[in-house]
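The values are calculated or read from the model by the stated rules, or taken from the named source; none is laboratory data. What you are looking at is a predicted structure, and each value in this text was computed from that prediction instead of being measured. Don't worry about glycine lacking a Cβ; one is built from the backbone with ideal geometry, like all the others, and counts go over all protein chains shown.
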Ligand SMILES: [Zn+2]
Ligand SMILES: [Zn+2]
């Protein structure tokens with residue numbers, strides 16, 4: 001509205017466009033508010049106001065220079081916020097500044113975002129690094145555990161192998177002992193059979209001896225009877241010899257005497273034979289008794305051997321029992337180790 005020395009503000013002219021997009025911060029002001037008074041030409045197009053003739057003279061409320069209306073078609077907010085004339089030169093500069101400002105702001109924003117991204121990337125990187133360290137540590141630990149497990153497994157396998165070998169040796173020992181026992185049984189059976197046969201033989205011998213004793217008794221009885229008969233005959237002979245008067249026929253008496261003498265001689269021979277036979281029988285009896293004694297001694301010896309065999313067999317049985325107990329224990333030990341091994345595998 002201000003009019004001074006032919007200059008018009010022209011703020012109220014129609015078609016005058018106000019620019020709402022311009023910020024007051026992008027608008028600058030000239031140093032001399034009266035600068036337009038000396039201007040003879042338009043500060044935008046440089047054409048003289050005199051040449052334009054009828055063209056109204058205006059001035060820019062920002063650079064305070066004289067301009068044509070056609071060279072200042074925009075409005076912009078002044079210090080008080082009121083929309084006032086701005087020359088095209090100031091307008092373009094303000095627009096450029098604003099665009100530059102906006103670009104700068106955008107750039108700052110982008111930079112800030114970039115910074116933020118960088119920061120978060122660094123954080124992520126750190127985290128990844130940390131994760132990596134942690135993973136490395138865990139992997140190392142895992143490797144160590146694996147190695148430890150392998151070592152344990154090997155140890156268990158070795159121990160198991162050793163126990164199996166021991167078990168095998170024990171089984172072989174038992175087999176050997178069983179074989180010995182079987183052969184001992186056989187030997188015992190053979191001995192028992194031999195003893196039984198010897199006992200039977202002794203029985204036979206005893207029966208024979210009894211028969212011999214009976215025979216001897218009979219012979220003794222016969223000898224006794226013969227001796228009695230001899231005595232009677234001698235008595236009879238003596239009675240005949242002592243009383244000669246009773247014998248009427250000397251010849252018959254002599255014959256009788258001869259016959260008696262012959263009888264006595266025969267009886268004596270017979271007695272001698274019997275005695276001889278008796279001696280033989282006694283000798284045989286003695287030899288039988290001797291044989292019997294030696295057989296009994298032999299039987300005793302066998303029986304003693306049998307007792308020893310029995311004792312060693314019972315000791316072997318005890319040994320086998322002990323080995324069986326050991327085997328059972330070892331089997332339990334193996335089962336326990338196997339379980340331990342399985343557990344360790346499951347853990348892995
Ligand atoms: Zn102009
Ligand atoms: Zn201007």
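Taking the stated definitions as given, is residue 110 surrounded by fewer than 17 Cβ atoms within 10 Å (Cβ to Cβ), within 16 Å of residue 24 (Cα to Cα) and more than 14 Å from ligand 2 (Cβ to nearest atom)? In short, no. All of (1) within 16 Å of ligand 1 (Cβ to nearest atom); (2) assigned to a helix (DSSP H, G or I) hold for residue 106 with one exception: (1). Checking residue 159 against (1) farther than 17 Å from residue 342 by Cβ; (2) in the same structural domain as residue 339 (by TED's automatic domain parsing), which test does it fail? Exception for residue 159: condition (1).
Here is a yes/no grid of residues against (1) away from ligand 2 (no atom under 15 Å from the Cβ); (2) in contact with a strand residue (DSSP E or B) (Cβ under 9 Å, 6 or more places away or on another chain); (3) at pLDDT 90 or above; (4) within 30 Å of residue 105 (Cα to Cα):
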position: 5; (1), (2), (3), (4): yes, yes, no, no
position: 14; (1), (2), (3), (4): yes, no, no, no
position: 19; (1), (2), (3), (4): no, yes, no, yes
position: 31; (1), (2), (3), (4): no, no, yes, yes
position: 35; (1), (2), (3), (4): no, yes, yes, no
position: 48; (1), (2), (3), (4): yes, yes, no, no
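Residues of the stretch 52-103 that are near ligand 2 (Cβ under 10 Å from one of its atoms), part of a helix (DSSP H, G or I) and closer than 14 Å to residue 42 by Cα: 88, 89, 90.
Inspection of the stretch 217-228 finds no residue satisfying the criterion of being assigned by TED's automatic domain parsing to the domain that holds residue 184 and closer than 30 Å to residue 186 by Cβ.
Only one entry of 301, 275, 295 meets the criterion of being without any contact (Cβ under 8 Å) to a residue 12 or more places away in the chain, farther than 30 Å from residue 172 by Cα and surrounded by 10 or more Cβ atoms within 10 Å (Cβ to Cβ), and that entry is 301.
With respect to (1) more than 10 Å from ligand 2 (Cβ to nearest atom); (2) under 30 Å from residue 105 (Cβ atoms); (3) part of a helix (DSSP H, G or I); (4) modelled with pLDDT of 85 or more, the lone exception for residue 25 is condition (4). Note on the stretch 76-103: residues that are more than 16 Å from ligand 1 (Cβ to nearest atom), touching a strand residue (DSSP E or B) at 6+ places or on another chain (Cβ under 8 Å) and over 12 Å from residue 59 (Cα atoms) amount to 5.
Against the test of being touching a residue at least 60 places away in the same chain (Cβ under 8 Å) and surrounded by fewer than 17 Cβ atoms within 10 Å (Cβ to Cβ), the options 122, 102, 149, 83 yield a single qualifying residue, 149.
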